[in-house]
1. Condition first: under 11 Å from residue 38 (Cα atoms) and surrounded by 24 or more Cβ atoms within 10 Å (Cβ to Cβ). Now tell me which residues in the range 252-286 satisfy that.
2. Exactly one condition in (1) within 15 Å of the ligand (Cβ to nearest atom); (2) assigned to a helix (DSSP H, G or I) is false for residue 117; which is it?
3. Suppose we keep only residues that are more than 18 Å from the chain's Cα centre (by Cα) and within 14 Å of the ligand (Cβ to nearest atom) within the range 290-314. Which one would you say is nearest to residue 37 (Cα to Cα)?
4. Return the pairs, sorted by first residue and then second, in which the second residue is away from the ligand (no atom under 12 Å from the Cβ) and assigned to a loop (DSSP other than H, G, I, E, B), the first residue lies in the range 241-268 and is within 16 Å of residue 196 (Cα to Cα) and modelled with pLDDT of 95 or more, the beta carbons are less than 6 Å apart, and the residues are 6+ apart or on different chains.
5. From 134, 130, which residue is more than 13 Å from the ligand (Cβ to nearest atom), without any contact (Cβ under 8 Å) to a residue 12 or more places away in the chain and in a helix (DSSP H, G or I)?
6. Within the range 269-301, track down each residue that is assigned to a helix (DSSP H, G or I), in contact with a strand residue (DSSP E or B) (Cβ under 7 Å, 6 or more places away or on another chain) and in contact (Cβ under 8 Å) with a residue 40 or more places away in the chain.
7. So if I check each of 122, 98, 112, 77, which one is surrounded by 15 or more Cβ atoms within 10 Å (Cβ to Cβ), more than 11 Å from the ligand (Cβ to nearest atom) and closer than 28 Å to residue 230 by Cβ?
Ligand SMILES: Cc1cc2nc3c(=O)[nH]c(=O)nc-3n(C[C@H](O)[C@H](O)[C@H](O)COP(=O)(O)O)c2cc1C
């Protein structure tokens, strides 16, 4: 309800009073100019319902989605649990979204001030070995309307999705994605970068092989990380048997460590988007020091509000 109210205010009245972006914070990665390195993580505006709001709150970019080919309702409620004492959230949403065609309509004709990424996934009823067909469908639909596309293979709330991290699945998956991408580049004479969103729960021994595949398929960027299933990162044991992934402060260190680990095996051109537990300017700086080029926030915004964006950019 708050977001819907904010969207109405920002689309009409407040927009006129918001200052222009400060160009001194501009950074260029993946051939995209970002007004600042701080972006909005996927899941906050899954369907592009709050575009006027997110366009005007000082963010450097925003990632919409996760969106799937068909609309779907997601998992049973309750499915989002706030843990304010620990600046954490557990969510078990399961890609509830209005479908890629809805998002396409929202983006068509929208005057964006910041780069917009679209995060895509598979419908719950698509078998994992056919997952690539859902991603290909979404890519074709939104290719021209966004600045980059994220392949989300890391949500813990869609059955077997994380299997796509295994080499035997990932090679085949990216081979099919690359074929479609090459076709879209030719068709539109435009190269929209491809980003892969990674789970924090991968086995450490797999990092090198994951990086090799990412390098071989010339993936433009990776997001480290999605939410974790490791509830032991929470202080309160009462949540240990809740379904869903943990975000926020408890995952900050784990995500940062993965950034450093991936950095050593990735090609120099691969852009790292650091995501997980940014709650302050100093925690944003820690991610950059770990090796991130760009940053994304979600849970921090829920607990700290819009002031966090100003604090980090300032
Ligand atoms: C309620 C909620 C919904 C989310 N939905 C998505 C989603 O649809 N797709 C996705 O890739 N990540 C999703 N995420 C994960 C975030 O994008 C982000 O990777 C994660 O929360 C870590 O960042 P944070 O600690 O700043 O929240 C969601 C997170 C939350 C809390």
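1. The answer is 273, 274, 275, 278.
2. (2) is the only condition that residue 117 fails.
3. Ranking the qualifying residues of the range 290-314, first place goes to 312.
4. 259/291; 259/292; 263/291
5. Answer to the check: 130.
6. 284, 299
7. Of the residues listed, the single one that is surrounded by 15 or more Cβ atoms within 10 Å (Cβ to Cβ), more than 11 Å from the ligand (Cβ to nearest atom) and closer than 28 Å to residue 230 by Cβ is 122.
Let's see how each residue does on (1) more than 21 Å from residue 201 (Cβ to Cβ); (2) more than 16 Å from the chain's Cα centre (by Cα); (3) more than 13 Å from the ligand (Cβ to nearest atom):
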position	(1), (2), (3)
247	no, no, no
250	no, yes, no
260	no, yes, yes
263	no, yes, yes
268	yes, yes, yes
274	no, no, no
277	no, no, no
288	yes, yes, yes
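The values are calculated or read from the model by the stated rules, or taken from the named source; none is laboratory data. Just so it is clear, the structure is predicted and the values come from calculations on it, not from any experiment. Please note: Cβ atoms are built from the backbone with ideal geometry, for glycine as well, and neighbour counts cover all protein chains shown.
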